[in-house]
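> Sharing a structure below in structure tokens format, with a few things to ask.
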Amino acid sequence: MTTNESVQMDWKRWLHRWDAQQAGYVPEREERFRVMLDVLGALLPDEFVALDLACGPGAISQRLLERFTRARCVAIDFDPVMLALGQGAVGTFDGRLRWIDADLAERGWVQSLGEAGVDAVLSTTALHWLSGPQLVALYRELAALVRPGGVFLNGDNMDFGPDLPTVQRLVQDARDRDWSDESFTERGIETAEQWWEALGREASMAPLIAERTRRLASKERPASPTFDLHVGRCVTRGSARSRRCGSPGRTAYCWP
């Protein structure tokens with residue numbers, strides 16, 4: 001993207017619209033961020049290095065660096081549109097934030113970080129895009145990357161296993177109701193599809209959207225790993241106790 005094209009984009013307005021439609025899917029989104037950052041404040045020193053995993057436009061990075069003024073953050077994602085949006089709207093926080101273009105499903109993504117270790121790894125509404133084997137490989141990498149005393153936090157929409165069919169049915173019914181186009185219209189909120197359609201009408205975004213389409217063409221959304229798989233592999237790789245909080249299907253967990 002050229003400098004002139006970048007100037008034409010009102011990145012902050014597009015990020016505001018992104019945050020608004022994401023809150024339509026996760027009404028407690030800001031509370032989720034606050035709880036995650038509270039954990040960092042309780043467990044880590046003032047100066048630390050964090051990894052924003054599958055960062056999107058940097059929602060975690062932005063809030064983390066605003067709160068912890070001596071922290072550094074590395075934001076990594078596979079989506080060139082999200083990375084451009086984050087870089088344009090959030091920036092680098094005077095060099096405290098670095099953006100990395102890499103695929104968590106591919107070997108070698110850790111080497112692209114430029115960090116021997118990190119103190120915290122955070123992710124929200126993203127890891128459900130990984131298959132079970134990819135998730136296991138990711139946790140293996142994180143176990144070696146996170147320094148002793150560090151923390152991993154994930155907030156996502158997770159399915160429950162076959163041992164909890166009633167709970168899973170209730171979760172799915174709630175999603176079908178709350179995530180319907182009718183529900184978004186009633187609440188006056190833009191859907192993700194509407195956001196992407198509107199962004200596609202920005203002429204300067206055509207190259208990035210084309211690259212995004214090319215990358216996603218080789219991807220298939222897998223069956224979402226269940227909560228039990230997340231916790232089981234996380235505990236195994238982290239050799240630690242897992243904790244969870246949140247409503248059914250919208251669970252956060254961590255290991256210290």
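> Cβ-Cβ below 8 Å, separation at least six or inter-chain, first residue in segment 55-74 and over 19 Å from V146 (Cβ atoms), second surrounded by fewer than 23 Cβ atoms within 10 Å (Cβ to Cβ) and polar (S, T, N, Q): which pairs?
A59/Q22
> For segment 182-192, what are the residues that are within 14 Å of P27 (Cβ to Cβ) and among the charged types (D, E, K, R)?
E186, R187 - these are the residues of segment 182-192 that are within 14 Å of P27 (Cβ to Cβ) and among the charged types (D, E, K, R).
> All but one of (1) part of a strand (DSSP E or B); (2) open to solvent by less than 10 Å² (accessible area, probe 1.4 Å) hold for S61; which doesn't?
Evaluating S61 over (1) part of a strand (DSSP E or B); (2) open to solvent by less than 10 Å² (accessible area, probe 1.4 Å) leaves (1) as the failure.
> Within segment 226-236, does at least one residue satisfy the condition of being modelled with pLDDT of 75 or more, touching a helix residue (DSSP H, G or I) at 6+ places or on another chain (Cβ under 7 Å), not polar (S, T, N, Q) and not in a loop (DSSP other than H, G, I, E, B)?
no
> Do we find that R63 is modelled with pLDDT of 95 or more and of a type in the set (K, R) in this structure?
Yes; evaluated as a whole, the condition is true for this residue.
> Further question on the same structure: Determine whether E182 is farther than 30 Å from C73 by Cα, at pLDDT 80 or above and not in a loop (DSSP other than H, G, I, E, B).
Answer is yes for this residue.
> May I pose another question? Select from segment 1-18 the residues that are in a helix (DSSP H, G or I) and at pLDDT 75 or above and list them in ascending order.
Passing the criteria: Q8, W11, K12, R13, W14, L15, H16, R17, W18.
> Now a separate question. Taking strands (runs of 3 or more DSSP E) that fall entirely within segment 70-171, which contain at least 2 residues that are β-branched (V, I, T) and open to solvent by 20 Å² or more (accessible area, probe 1.4 Å)?
Once the strands (runs of 3 or more DSSP E) in segment 70-171 are filtered for at least 2 residues that are β-branched (V, I, T) and open to solvent by 20 Å² or more (accessible area, probe 1.4 Å), nothing remains.
> Would you pick out the residues in segment 185-199 that are assigned to a helix (DSSP H, G or I), within 22 Å of D10 (Cα to Cα) and touching a residue at least 60 places away in the same chain (Cβ under 8 Å)?
Within segment 185-199, A192, Q194, W195, A198, L199 qualify.
> Regarding P148, is this residue touching a residue at least 40 places away in the same chain (Cβ under 8 Å) and out of contact with any strand residue (DSSP E or B) (no Cβ under 6 Å at 6 or more places or on another chain)?
No.
> Which of the residues spanning segment 37-56 are assigned to a helix (DSSP H, G or I) and open to solvent by 10 Å² or more (accessible area, probe 1.4 Å)?
L37, D38, V39, G41, A42, L43 - these are the residues of segment 37-56 that are assigned to a helix (DSSP H, G or I) and open to solvent by 10 Å² or more (accessible area, probe 1.4 Å).
> Exactly one condition in (1) polar (S, T, N, Q); (2) out of contact with any His (no Cβ under 7 Å at 6 or more places or on another chain); (3) touching a residue at least 12 places away in the same chain (Cβ under 8 Å) is false for N157; which is it?
All conditions pass for N157, except number (2).
> Determine whether A217 is of a type outside the set (D, E), modelled with pLDDT under 75 and surrounded by fewer than 13 Cβ atoms within 10 Å (Cβ to Cβ).
So A217 does not fit the description; no.
> Looking at the structure I just gave you, is A126 aliphatic (A, V, I, L, M) and over 14 Å from the mean Cα position of the chain (by Cα)?
No; evaluated as a whole, the condition is false for this residue.
> Condition first: under 20 Å from V26 (Cβ atoms) and either open to solvent by 20 Å² or more (accessible area, probe 1.4 Å) or in contact with a Leu (Cβ under 6 Å, 6 or more places away or on another chain) (or both). Now tell me which residues in segment 193-208 satisfy that.
Those that are under 20 Å from V26 (Cβ atoms) and either open to solvent by 20 Å² or more (accessible area, probe 1.4 Å) or in contact with a Leu (Cβ under 6 Å, 6 or more places away or on another chain) (or both): E193, Q194, W196.
The values are calculated or read from the model by the stated rules, or taken from the named source; none is laboratory data. Just so you know, these numbers come straight off a predicted model, no measurement behind them. Cβ atoms come from the backbone with ideal geometry, glycine included; neighbour counts cover every protein chain shown. The protein model used for the area step is the full one, side chains on, heavy atoms only, and it has no ligands, DNA or RNA in it. Shrake-Rupley method; radii C 1.70, N 1.55, O 1.52, S 1.80 Å.
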